[in-house]
Amino acid sequence: MSDNTKPGWFGRLFGRRGEAPAEAPPVTPSEGEPDYATAAESAPPAAPTVTEASPDTAPERDLPPELAGADLQPIEGAPEEPPAGTAGQPPATPTEPEGAVAPEAEPPAASALAEPEPEPEPEPEAPAEKRGWWSRLTGGLRRTSSALSERVTGLFTKRKLDATTLEELEDALIQADFGVETAMRISEAVGKGRYEKGIAPDEVRAILATEVERALEPVARPLALDPGAKPFVLLMVGVNGAGKTTTIGKLAQKFRAQGRSVMLAAGDTFRAAAIEQLKVWGERTGAPVVTRPQGADAAGLAFDALQAARESGTDVLMIDTAGRLQNKAGLMAELEKIVRVIRKLDESAPHAVLLVLDATVGQNAISQVELFQKTAGVTGLVMTKLDGTARGGILVALAAKFGLPVHFIGVGEGVDDLEPFTARDFARAIAGLEKDT
Ligand SMILES: Nc1nc2c(ncn2[C@@H]2O[C@H](COP(=O)(O)OP(=O)(O)OP(=O)(O)O)[C@@H](O)[C@H]2O)c(=O)[nH]1
Ligand SMILES: [Mg+2]
């Protein structure tokens, strides 16, 4: 079970280093990496630092671009059409120099405020929250849904249903990232009993929504926090820029609102900015953050954080990790080491390993799930950026292929822009239908 020879909480805070295991050398931030100065001055050489939460910190503290992910790089092997502002950047690893890109990291709020004439907005409509969620989801899925919708209209308007039409529908679904298996199932469902007859495009859309919902229903599962696990340890993994740190912040907010105590571990020790970014989320949400200086061993930090969380009786410990490309063996090994090391303290930890997927990357998500699952034992998925140019069909393919629970989807950068995943809403939005009431 656990090793209880550890010194006390304050001893750990101010005294010795965490007992990172001797195997596998610590992964160091690579050569050619500048910017050590900022991190080094803020913490004592090895002991972890736990920030005290400041729940009353002004909630909307502005993030400088590099904290907000402005150093994002395109994912290697990801299909074309990166988010605006990242085009043409070289592929990245977490060890690459920072600040190469300055995309649309900041929400437009600040500049919008500065605009000379605040045009009076026409209608201050009622249930802003609900409407906001649905319209952002449909907006994010619009690219996929309107492409599909156009094909459906083109294929099924005043035409008899035959094998060629169904094959073309299948192609359209495959192009929309649904995966071959699901595409076949949907076109079979459309064809069933209707050969040589006509079918209206709207009817096809309805079948599409039903079949997508059926595919997603089994994976739309909430994240259940095992009450016996104290702390409940949640490890956040994923490629660079997927939204891990932001998702931790959003989840911290949710857990705090449920009255749980939360601690965050800044396990992305590659970049000083990543540590700072998590600290900001800690301040915003009233969660203490365990940090070590940049370049420290992430597994050792995770170990320290788990011990700190135990000793302080914290309910949920969320461990951030550096973004890593799924095909970089060395970095994936570091992830394995984090898992191994925290199991020395608690065999059942981590209780959840959430893989964060960026909805704009399309097919690359398949290999991300495969490889992160192999290395870190992913227990569930979070899909972010469903508010932009998302390729949401991929979620359908992932459901069919892996059957992993999808706990949350992200539709924006703000603290409230994370919602539990619901199969019906998603299916209707992607099929271009109105919200079900
Ligand atoms: N539009 C939108 N942006 C998001 C969402 N989730 C995260 N982001 C933004 O994506 C960028 C990267 O998010 P991070 O949370 O820093 O991503 P990360 O996975 O921690 O990145 P690394 O630590 O560099 O690997 C930031 O600008 C976030 O604000 C989302 O659901 N929608
Ligand atoms: Mg991060």
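Every read-out reported here was derived from the displayed coordinates using simple, explicitly stated rules and does not represent laboratory data. Bear in mind the structure is a predicted one, so any value in this text is a computation, not a measurement. FYI the Cβ positions are ideal-geometry reconstructions off the backbone, even for glycines, and counts take in every protein chain you see.
Using θ = phi - 60° in the Karplus curve 6.51 cos²θ - 1.76 cosθ + 1.60, the 3J(HN,Hα) couplings for segment 317-330 round to 10, 10, 9, 7, 9, 5, x, 8, 6, 5, 9, 9, 4, x Hz; x is entered for Gly and Pro.
Near the amide H of Val233, within less than 5 Å, lie the amide hydrogens of Leu317, His351, Ala352, all on another chain or at least 5 residues away, with H placed in the peptide plane.
Label-to-label distance, Lys160 versus Asp416, with points set 7 angstrom from Cα along the beta-carbon direction: 5.5 nm. Dividing the C-alpha radius of gyration of segment 190-301 by 2.2 N^0.38 Å, with N its residue count, gives 1.66.
Of all lysines in the structure, the ones whose alpha carbon falls short of 20 Å from that of Lys158, not counting any fewer than 8 places away in one chain, are Lys192, Lys197. Across segment 291-437, counting alpha-carbon atoms alone, Rg and Dmax equal 17.0, 51 Å.
For the pair Thr437 and Arg221, a Förster radius of 25 Å applied to the C-beta separation gives a FRET efficiency near 0.60, rounded to the nearest 0.05. With the highest mean first, a sort of the peptides 286-295, 135-144 on other beta-carbon atoms found within 10 angstrom per residue produces 286-295, 135-144.
With 27 Å as the limit, the listed pairs Lys230/Lys337; Lys230/Lys435; Lys279/Lys337; Lys254/Lys435; Lys254/Lys328 have Lys230/Lys435; Lys254/Lys328 beyond it between alpha carbons.
Calculated from the alpha-carbon coordinates, segment 140-219 shows an Rg and a Dmax of 11.8, 36 Å respectively.
Can you classify segment 246-302 as rounded, prolate or oblate using the Cα gyration tensor, where a ≥ b ≥ c are the square roots of its eigenvalues, rounded means a/c under 1.5, and otherwise it's prolate if a/b beats b/c and oblate if not? Prolate, since a/c reaches 1.5 and a/b exceeds b/c. Under the combined filter of DSSP loop state and at most 12 neighbouring Cβ atoms within 10 Å, segment 360-437 retains these GluC sites (Glu not before Pro): Glu434. Remark on Leu141: its backbone amide H falls under 5 Å from none of the residues 5 or more positions apart or on other chains, H modelled at 1.01 Å from N.
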